[in-house]
Structures are given as structure tokens and as C-alpha cells.
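Student: The structure is given below, and queries will be raised subsequently.
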């Protein structure tokens, strides 16, 4: 028989009530590209308000690297920490979705408003067509 383990918040009497108005929020937006993405490009996609604590980020993109041996990578972070949430994801090599993957990236508290940014950390071996969109969603709480 296995032994169940409970975190403090899952024990009886943890104090969490349904509809507790915990201040959960999301922000999502996109940027449509009119040109090729180059190494070092930074796209400011969503703004998080002062007091927000980011819980997760979700990056969605198309195939930006048309080469048979693609090299392009994207990172997601914020001002001064461009790899804080996602560090060199390969999703632009074939398209897809990436989520927060950096240990310690969750629970980032923003004392001041900032933008969450996608940066091209490694350029494409062969650029695909422009006109594709980068999409980003941030999940956050406003609880103290």
C-alpha cells in the first residue's frame, strides 16, 4: 500500500474556501511579425501590473526556422532577466507551445509594472516566412 503525502495547504482546515477571491488574473496578447526574427530581437508582449506574482507563462509560436537542421531558440523573461521563465526553448524550430521551465521562475513578484518579453536567443539556420504571430499568456495573482 502506498502512503499519501499532503502539503500544508491540502490538509483539513487549510482555510481555503471556494470563491475566496484570491486575485487570480491572466493577460494574453500576440505580436504579428512583418519581417524575419533575428538573434537578439526582443518582443515586449504582455504587461504585468505592479504587485503581480507570476505563476506561469505560456509561449505559442509557429515554425520560424525553415532549415532541415533548425537552430532557432526563444527565451521568455522580463526587463533585465530575459531567460527568467523559459530558457532557450526550441519551439520556434517546428512550432508549438512552451510553458515556464526555469526552476525558480514561478512566484516571481513584480513590485513595479513590467513587460514579459520573448527574445530570440539563437538565430535561425534558415528563416521561414514573416507574417507569423508570437503569442504569450501570463498567469498571475495579485494576493500579497
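The values are calculated or read from the model by the stated rules, or taken from the named source; none is laboratory data. Not measured: the values here are computed from a predicted model. Note that we place each Cβ from the backbone using ideal geometry, even for glycine, and neighbour counts take in every protein chain shown.
Student: Taking residue 111 as meeting all but one of (1) closer than 30 Å to residue 142 by Cβ; (2) in contact (Cβ under 8 Å) with a residue 12 or more places away in the chain; (3) surrounded by 14 or more Cβ atoms within 10 Å (Cβ to Cβ), write down the number of the exception.
Tutor: Failing condition for residue 111: (3).
Student: Quick one: which residue in 73, 121 is surrounded by 14 or more Cβ atoms within 10 Å (Cβ to Cβ), touching a residue at least 40 places away in the same chain (Cβ under 8 Å) and in contact with a helix residue (DSSP H, G or I) (Cβ under 9 Å, 6 or more places away or on another chain)?
Tutor: Criteria check complete, one pass: 73.
Student: Condition first: modelled with pLDDT of 95 or more, crowded, with 17+ Cβ neighbours inside 10 Å and closer than 21 Å to residue 33 by Cβ. Now tell me which residues in segment 90-102 satisfy that.
Tutor: 98
Student: Any idea which of 63, 56, 67 is surrounded by fewer than 16 Cβ atoms within 10 Å (Cβ to Cβ) and either out of contact with any strand residue (DSSP E or B) (no Cβ under 8 Å at 6 or more places or on another chain) or not in a strand (DSSP E or B) (or both)? So that I can check it myself, show each step before the final result.
Tutor: Values: 63 fails: surrounded by fewer than 16 Cβ atoms within 10 Å (Cβ to Cβ); 56 fails: either out of contact with any strand residue (DSSP E or B) (no Cβ under 8 Å at 6 or more places or on another chain) or not in a strand (DSSP E or B) (or both).
When all the criteria are applied, what remains is 67.
Student: Evaluate the following for residue 50: is it in contact with a strand residue (DSSP E or B) (Cβ under 9 Å, 6 or more places away or on another chain) and either within 22 Å of residue 139 (Cα to Cα) or at pLDDT 90 or above (or both)? Quick ask: steps written out before the conclusion?
Tutor: Values: in contact with a strand residue (DSSP E or B) (Cβ under 9 Å, 6 or more places away or on another chain): yes; either within 22 Å of residue 139 (Cα to Cα) or at pLDDT 90 or above (or both): yes.
So residue 50 passes the test.
Student: When you look at residue 38, is it surrounded by fewer than 22 Cβ atoms within 10 Å (Cβ to Cβ), under 15 Å from residue 115 (Cβ atoms) and touching a strand residue (DSSP E or B) at 6+ places or on another chain (Cβ under 7 Å), yes or no?
Tutor: On the way: surrounded by fewer than 22 Cβ atoms within 10 Å (Cβ to Cβ): yes; under 15 Å from residue 115 (Cβ atoms): no; touching a strand residue (DSSP E or B) at 6+ places or on another chain (Cβ under 7 Å): yes.
No; evaluated as a whole, the condition is false for this residue.
Student: Only one of 65, 87 is in contact with a helix residue (DSSP H, G or I) (Cβ under 8 Å, 6 or more places away or on another chain) and more than 19 Å from residue 29 (Cα to Cα). Can you tell me which?
Tutor: Details: 87 fails: in contact with a helix residue (DSSP H, G or I) (Cβ under 8 Å, 6 or more places away or on another chain).
Criteria check complete, one pass: 65.
Student: Looking at 125, 98, 113, 84, can you tell me which residue is more than 27 Å from residue 63 (Cβ to Cβ) and in contact with a strand residue (DSSP E or B) (Cβ under 7 Å, 6 or more places away or on another chain)?
Tutor: Details: 125 fails: more than 27 Å from residue 63 (Cβ to Cβ); 98 fails: more than 27 Å from residue 63 (Cβ to Cβ); 84 fails: more than 27 Å from residue 63 (Cβ to Cβ).
After applying the criteria, what remains is 113.
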